[in-house]
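Worksheet for the structure shown next.
No lab work stands behind these numbers, since they all come straight from the coordinates. Every value quoted in this text rests on a predicted model; they were computed, and no experiment measured them. Positions of Cβ are generated from backbone atoms using ideal geometry, with glycine treated the same way; all protein chains shown enter the neighbour counts.
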Amino acid sequence: MSAGEPAGRTAVVHGGSGAIGRAVGRALAREGAQVFLTGLRRERLDSAATHVGAAGADVVDVLDEAAVERHAAAVVERAGRIDVCVNAVGLAVGRQGVALVEHTADEYMAPVAAYIRGNFTTAAWPRGTCAMRAVA
C-alpha cells in the first residue's frame with residue numbers, strides 16, 4: 001500500500017447516502033478501499049451501499065458524538081483500523097430560504113454550530129486518529 005493510495009485502506013464516509021458521499025465512497029471502493037458508509041435515512045443508505053459496494057452501512061447522526069464513537073469502534077473491530085474519514089454530510093438545520101434580516105443571531109448560528117460539531121465528531125475519533133488520514 002503506497003502513501004495516499006486507497007487500495008487496502010479502510011474508509012468511513014459520513015453522509016454516504018448523499019450525492020457527494022456516494023460518489024466518494026464509490027471512487028474509494030473502485031480503487032480498492034474497504035468502505036463503510038453512514039447516513040440518516042436507512043433506505044437511501046442501503047441504496048448507496050449497494051451502488052458503492054460498501055462493506056457496511058449504518059445509520060449514524062454525526063451530531064451525536066457517542067454514536068460516531070460507537071460506529072468507529074465497530075468499524076475498527078470489524079476491519080482492524082480506520083485509515084480514511086470523509087465528512088460529506090449535509091445538514092438541514094435552521095431556517096433556510098429566509099432573509100438574513102429575519103433571523104435572530106441564534107437562528108443564524110445554528111447551522112454554523114451544527115456543521116462545526118459534525119466536522120469535529122467525524123474527524124476526532126479516537127481523539128485525532130481519523131483526522132487527515134487520507135494522505136497518511
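Summary of values
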item: 0 to 90° range, to nearest 10: angle between helix 65-79 axis and the chain longest Cα axis; result: 10 degrees
item: Ranked 70, 81, 22, criterion: other C-beta atoms within 10 Å, fewest first; result: 81, 70, 22
item: For 43, 5, 69, order by how many other beta-carbon atoms lie within 10 Å, fewest first; result: 43, 5, 69
item: Residue 19 versus residue 107: modelled label distance in nm, points set 7 Å from Cα along the beta carbon direction; result: 2.7 nm
item: Taking 17, 47 and counting other C-beta atoms within 10 Å, the order from fewest to most; result: 47, 17
item: Acute angle (nearest 10 degrees) that the helix 19-30 long axis makes with the longest principal axis of the chain, alpha-carbon atoms; result: 10 degrees
item: Spread of Cα-to-Cα distances over 5 Å intervals beginning at zero, given as percent, for the range 10-135; result: 2, 12, 21, 22, 18, 10, 7, 5, 2, 1
item: 12 Å cut-off, amide nitrogen to a point 7 angstrom out along residue 91 Cα→Cβ, residues in the range 34-62; result: 61-62
item: Simple Cβ-charge dipole of the chain, Lys/Arg +1 and Asp/Glu -1, about Cα centre, in debye nearest 20; result: 380 debye
item: Tilt relative to the chain, helix 105-123 - C-alpha long axis, 0 to 90 degrees, to 10; result: 10 degrees
item: For the chain, calculated [θ]222 nm from helices alone, where every DSSP H run of n ≥ 4 adds -39500 (n - 2.57); result: -13500 deg cm²/dmol
